[in-house]
1. Which condition breaks for residue 56 when tested against (1) exposed (fewer than 13 other Cβ atoms within 10 Å of the Cβ); (2) within 18 Å of residue 102 (Cβ to Cβ)?
2. Answer yes or no as to whether residue 82 is assigned to a helix (DSSP H, G or I), within 14 Å of the chain's Cα centre (by Cα) and farther than 14 Å from residue 42 by Cα.
3. Could you check, for region 87-94, whether at least one of its residues is surrounded by 13 or more Cβ atoms within 10 Å (Cβ to Cβ), closer than 23 Å to residue 110 by Cα, at pLDDT 95 or above and under 16 Å from the mean Cα position of the chain (by Cα)?
4. What about residue 67, is it within 13 Å of residue 42 (Cβ to Cβ) and either surrounded by 15 or more Cβ atoms within 10 Å (Cβ to Cβ) or under 16 Å from the mean Cα position of the chain (by Cα) (or both)?
5. Scan region 19-42 and give yes if some residue there is open to solvent by 60 Å² or more (accessible area, probe 1.4 Å), polar (S, T, N, Q) and at pLDDT 60 or above, otherwise no.
6. Report every pair of residues separated by at least 6 positions or lying on different chains whose Cβ atoms are under 7 Å apart, first residue within region 65-90 and farther than 16 Å from residue 102 by Cβ, second basic (Lys, Arg) and assigned to a helix (DSSP H, G or I).
7. Residues in region 101-108: is at least one basic (Lys, Arg) and modelled with pLDDT of 60 or more?
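The values are calculated or read from the model by the stated rules, or taken from the named source; none is laboratory data. Every value quoted in this text rests on a predicted model; they were computed, and no experiment measured them. Because the Cβ atoms are built from the backbone with ideal geometry, glycine has one as well, and the counts that use them run over all protein chains shown. The area values use the complete protein model at the heavy-atom level, side chains included, leaving out ligands, DNA and RNA. Shrake-Rupley method; radii C 1.70, N 1.55, O 1.52, S 1.80 Å.
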Amino acid sequence: MRGGDHIEQHGAGSIGKAEHTGSGDIVAGGKTVGATTGGPALEALLREIEKLRPHLDESDRAEVDAAADSIAAETSPDRRRGLVQRITGIAALLGEVGVPVIAAAKALLTG
């Protein structure tokens, strides 16, 4: 906190001071919110996953959605790689329609 800042918190949902560092993120209560970690490569992967969803059956869609929901917040490179591999494995089974997801995943992991 800067000198003169005064923060009062009330209730279970309070997050404390929200700060914006100018890089598109908002830090609230020590956690980044409102932006994904991973930058443009992650955003590209998530866009391609969204395009893939109509081609998935219910089970695969649930699996991909669960991995996609977790990937942005994942800070461990090994766990992120595992989530990406889960997504690309399903995308690979769809053939040509899954290729953009695989390419975006590769860019995320190598970028």
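1. (1)
2. Values: assigned to a helix (DSSP H, G or I): yes; within 14 Å of the chain's Cα centre (by Cα): yes; farther than 14 Å from residue 42 by Cα: yes.
Yes: the conditions hold for residue 82.
3. yes
4. On the way: within 13 Å of residue 42 (Cβ to Cβ): yes; either surrounded by 15 or more Cβ atoms within 10 Å (Cβ to Cβ) or under 16 Å from the mean Cα position of the chain (by Cα) (or both): yes.
So residue 67 fits the description; yes.
5. Checked region 19-42: no residue is open to solvent by 60 Å² or more (accessible area, probe 1.4 Å), polar (S, T, N, Q) and at pLDDT 60 or above.
6. 74/80
7. yes
Residue by residue, here is whether (1) surrounded by 15 or more Cβ atoms within 10 Å (Cβ to Cβ); (2) in contact with a Ser or Thr (Cβ under 6 Å, 6 or more places away or on another chain); (3) part of a helix (DSSP H, G or I) holds:
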| site | (1), (2), (3) |
| --- | --- |
| 47 | no, no, yes |
| 50 | no, no, yes |
| 75 | no, no, no |
| 98 | yes, no, yes |
